[in-house]
Amino acid sequence: MSTPPVTVFMDLPTYLETDNESSYHEYLNQALQDGLSNKGWTVPQLTNAQLTTMPVQNPTNGSTSSTLWQSMPDGTLWFLLDSTPPCYVGKINGALVKFTTTAYP
C-alpha cells in the first residue's frame, strides 16, 4: 500500500467562500497575521517522515513530486515534532541541517 502524498503549505484562502469579498479579505489578513507578522511567524511543524519520505502533491496541478525538503529552496525551515528533543531543521546548499539550540535566556 502506498502512502498518500502530503500537502504542507500555509493555510491561505485560495477562493471566496462566500459572495462577500470582504469576508475573504478578513480571512486572508487573519491567516497572514497569525502565520507571518511582527508578532513572529509560525514555522511548519512536521514529523521526520513528512519531511523526508512522503511525496508532496503540487496544489496547482495535483501532480506528485519528490519529498517536501527536496522540493523546497535553500533557506526553508521546519520544526520536527518527533525528534528527541524536537528540533529545527533547515535546507542549506541543497542538504538538510539540524539546528542545535540552548535554553533561552
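Rounded to 0.05, the FRET efficiency of the Leu77 and Ala103 pair, given R0 = 22 Å and the Cβ-Cβ distance, is 0.65.
Ranked by how many other Cβ atoms sit within 10 Å of their own Cβ, fewest first, the residues Trp69, Trp78, Trp41 fall in the order Trp41, Trp69, Trp78.
What net charge is computed for the residues neighbouring Thr76, neighbours being all others with C-beta under 15 Å from the C-beta of Thr76, Lys and Arg scored +1, Asp and Glu -1? Within the 15 Å Cβ shell, the charges total +1. Distances longer than 21 Å among the Cα atoms of the stretch 21-99: what percent of all pairs is that? Distances greater than 21 Å cover 43 percent of the Cα pairs.
Coordinate-derived values only; no laboratory data. These figures come from a predicted structure and were not determined experimentally. When we count neighbours, we look across all protein chains shown, and the Cβ atoms used for this are built from the backbone with ideal geometry, even at glycine.
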